[in-house]
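The values are calculated or read from the model by the stated rules, or taken from the named source; none is laboratory data. The structure presented is a predicted model; accordingly, all values stated were derived computationally and were not measured. Backbone-built Cβ (ideal geometry, glycine too); neighbour counts: all protein chains shown.
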Amino acid sequence: MEFGLLNVMQIAGAIGIFIYGMKLMSEGIQRAAGNQLRNTLSNLTNNKWLGFLTGFIVTGLIQSSSATTVMIVSFVNAGLLSVVQSAGLIMGANVGTTVTGWLVSLFGFKVSLIEYSVPLFAIGVPMLFVYKAKMKYWGECIIGFSLIFLGLGFLRDAVPEFTEQSLLFEWLKEFTQNGIWSRLFFVVVGIIIAAIVQSSSVAMAVTLTMCAQGWLPLEIAASLILGENIGTTTTALIASLIANKEAKTASRVHFLFNVIGVMWMVLLLPWFLPVLSSFLNFAFGTVDIYNNHLDMTIGLSAFHTAFNLINSLILINFIAPLSKLASIGLQTEDTYSIIKDKTRIKFLENTGNMPEMATIQLQKETKRFGEIIIAMSSSFKEIINTTDIKKQQKLIKRTKQYEELTDQLEVEITEYITLLSKEEMTSQTSLILRTILNICNDLERIADIYLQLSMVLQKKIEENIYFIPEQREKINELASLVEDAIRIMNENLAETDYRSVKKYQAVKSEKQINQYRDLMREEHLNRMGQPDYNIKSAMVYNNVFQSLERIGDHVVNVTEAVVGEI
């Protein structure tokens with residue numbers, strides 16, 4: 001039998017069906033369990049073993065360690081997980097991804113996959129037309145599961161028996177007789193394969209299929225699997241390129257964790273595999289993982305699980321030094337990086353098109369929006385209190401930069417939400433997205449008012465208008481009340497679950513602002529007729545305290561939006 005272009009296309013097509021099935025099933029589960037999955041990952045304690053178990057379960061369910069690690073990196077970037085917490089999750093994800101190998105080795109080569117996978121479409125397809133969104137997502141999951149095994153069945157049929165390929169036999173023989181160098185060569189091949197398909201599960205399925213057809217000896221196949229463990233880390237590394245220091249550190253920990261494991265296993269592989277073979281014989285009876293091709297697939301699945309489990313149990317005790325090593329060469333952002341950073345959106349990169357997964361990032365971006373507002377508030381107070389003209393001009397310029405940044409943030413967040421709205425989502429996710437739009441509108445209006453105030457103060461400086469000490473004192477007091485209200489607002493924005501926010505403190509703060517504004521206005525009107533009360537200073541003063549009160553209104557609007565009253 002000749003192996004030509006048609007065979008290559010059949011193999012590529014089978015892998016394509018397998019990959020699409022993995023994607024469909026993973027996204028279906030993420031959509032169906034979106035909010036619960038998000039909260040499970042983001043509300044972990046500092047218990048590394050709980051993190052390990054969570055990473056294992058989540059990855060075992062969604063069948064993609066790449067998807068799990070990208071989510072983990074994005075949560076670290078959003079400040080919801082520490083690097084230490086993320087390390088436990090990532091280690092668990094590495095073990096969880098071995099579930100795919102077991103499914104393939106136990107069912108992929110011993111039953112007629114096409115015969116059993118096609119009937120599943122009869123269950124999954126009707127679910128796509130059900131009114132309930134969650135039922136549709138589970139339908140996608142079932143169809144994805146069917147496509148995984150359909151693709152695997154096609155792949156098994158497309159890959160020819162090894163004995164028919166004498167040229168390939170000679171080529172492989174040349175590369176498999178060089179001891180550790182052969183193992184290292186195939187580790188590199190495994191890295192390349194997993195990096196290309198962006199999934200160790202897909203690469204593992206291809207490797208198992210090649211073994212089932214007799215293409216690869218056990219030791220070389222195990223080396224490929226080790227390389228695939230490293231190759232799958234490229235997804236998270238790429239996702240972290242534009243992230244903050246902590247997220248970069250988390251992705252590097254993932255990379256280092258797998259590289260260190262591969263280093264010791266490559267050295268011990270000739271001794272580890274016989275021990276594994278003896279264990280499988282003891283546990284399951286006669287199992288020949290060296291010569292029986294179907295037994296070899298089970299042996300490789302056991303090797304994949306054992307390697308990741310042992311590596312995790314060893315390195316989970318060294319998370320702190322691993323994190324320190326991973327952070328070498330990474331710089332912490334300086335105080336004014338929010339202005340210097342040309343990339344305005346910090347947390348919305350690489351979140352994919354999954355609304356349920358993206359909402360946590362949007363909430364973090366909204367919190368960042370609030371941090372810009374508090375910075376504008378601080379700049380305003382400095383402008384009021386400094387007598388250094390150059391410093392005042394510098395602060396006014398910075399306020400303009402902050403305002404430009406908030407304009408861009410509002411536009412990009414709105415565009416991002418518009419893009420997400422085209423995807424299917426739960427009603428809860430839709431509500432959160434509308435809430436974030438309302439919040440961003442109020443935050444942008446606050447930034448506009450602070451810009452207007454800076455322009456008023458700039459004109460005051462240019463025209464040599466001065467506040468009397470009493471006016472300056474009153475403005476400082478009101479500005480402090482407003483700043484306190486903004487801090488309360490930011491605390492509310494920092495909550496992962498908006499439903500847990502109470503608005504009592506925000507309403508109380510707004511009442512204090514209104515009462516003090518009324519006091520200032522009354523005193524201002526009483527003094528208007530007095531000859532020593534400068535009219536130009538009075539007009540600026542009136543403009544300032546009225547504007548600060550308007551900021552207070554928008555601040556409480558944000559909290560009302562958070563609790564669902566807007």
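Some points to look at:
- Wholly enclosed helices (runs of 4 or more DSSP H) of segment 142-238 bearing at least 1 residues modelled with pLDDT of 80 or more: 180-197, 200-212, 218-231
- When the criteria are applied in full, N557 meets the requirement of being under 24 Å from F369 (Cβ atoms) and either surrounded by fewer than 20 Cβ atoms within 10 Å (Cβ to Cβ) or of a type in the set (S, T, N, Q) (or both).
- Residue match in segment 484-496 (condition: over 44 Å from the mean Cα position of the chain (by Cα) and either closer than 24 Å to E404 by Cα or modelled with pLDDT of 85 or more (or both)): no
- Test: T435 is in a helix (DSSP H, G or I) and within 20 Å of the chain's Cα centre (by Cα): no
- Any hit, segment 282-294, residues being out of contact with any strand residue (DSSP E or B) (no Cβ under 9 Å at 6 or more places or on another chain), at pLDDT 85 or above, surrounded by 21 or more Cβ atoms within 10 Å (Cβ to Cβ) and not aromatic (F, W, Y): no
- For segment 514-531, the criterion of being touching a residue at least 60 places away in the same chain (Cβ under 8 Å) and more than 30 Å from Q428 (Cβ to Cβ) is met by none of the residues.
- Yes/no for Q546 being without any contact (Cβ under 8 Å) to a residue 60 or more places away in the chain, within 23 Å of I461 (Cα to Cα) and part of a helix (DSSP H, G or I): yes
- Of the residues screened, K381 is not one that is surrounded by fewer than 15 Cβ atoms within 10 Å (Cβ to Cβ), out of contact with any Cys (no Cβ under 9 Å at 6 or more places or on another chain), closer than 29 Å to I461 by Cβ and basic (K, R).
- For the residues V266, V275, V253, the requirement of being within 23 Å of I328 (Cβ to Cβ) and in the same structural domain as T97 (by TED's automatic domain parsing) singles out V253.
- Selection status of Q530, more than 26 Å from Q393 (Cα to Cα) and not in a helix (DSSP H, G or I): yes
- Check on I465, assigned to a loop (DSSP other than H, G, I, E, B), modelled with pLDDT under 85 and within 30 Å of A358 (Cβ to Cβ): no
Condition check ((1) farther than 30 Å from K397 by Cα; (2) within 25 Å of the chain's Cα centre (by Cα); (3) modelled with pLDDT under 50) across all residues:
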position	(1), (2), (3)
T305	yes, no, no
L309	yes, yes, no
A320	yes, yes, no
S327	yes, yes, no
Y336	no, yes, yes
I345	no, yes, no
N350	yes, yes, yes
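- Conditions (1) over 25 Å from the mean Cα position of the chain (by Cα); (2) under 16 Å from A326 (Cβ atoms); (3) among the acidic types (D, E); number of the one not met by D295: (2)
- Condition check for I475: assigned by TED's automatic domain parsing to the domain that holds T496, surrounded by 20 or more Cβ atoms within 10 Å (Cβ to Cβ) and not small (G, A, S): yes
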